Amino acid sequence: MTEVASQSAMAKARLPIEYRDYCANLLIKLNKCRGETFYLPWKCENERHSYEKCQYDDFKRRVEEKKANE
């Protein structure tokens with residue numbers, strides 16, 4: 001992933017501080033889609049999958065960094 005959300009974009013999207021991470025740009029898109037579709041569970045599946053995959057990949061990256069630093 002190349003795009004990273006700026007602090008001002010995260011503040012404008014009213015993301016809670018604990019969600020302002022590497023995947024915040026995907027969460028902003030997901031929340032926008034959810035708002036436009038009234039949180040229908042079968043909508044925004046691609047956005048949700050992209051966000052969850054980003055979170056998983058970020059977790060794996062952090063685990064590998066921790067293992068490398070031990």
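Observations on the model:
- Note on the chain: lysine pairs with Cα distance below 30 Å, sequence gap of 8 or more or different chains, count 16.
- Scoring 49-58, 7-16 by mean Cβ neighbours within 10 Å over their residues and listing the highest first yields 49-58, 7-16.
- Of the labelled figures (1) 5.5; (2) 4.2; (3) 5.2, only one reflects mean projected area of the Cα convex hull in nm² as derived from the coordinates, namely (1).
- For the chain, the relative contact order works out to 26 percent when only alpha carbon pairs closer than 8 Å and six or more residues apart are counted.
- In segment 1-45, chymotrypsin sites (Phe, Trp or Tyr not before Pro) in a DSSP loop with at most 12 other beta-carbon atoms within 10 Å: PHE38, TYR39, TRP42
- Folded to 0 to 90 degrees: helix 24-36 orientation relative to the chain principal axis, Cα: 20
Where a number appears in this text, it was derived from the coordinates with a stated rule and is not lab data. All values reported here derive from a predicted model rather than from experimental measurement. Positions of Cβ are backbone-derived with ideal geometry, glycine not excepted, and every protein chain shown enters the neighbour counts.
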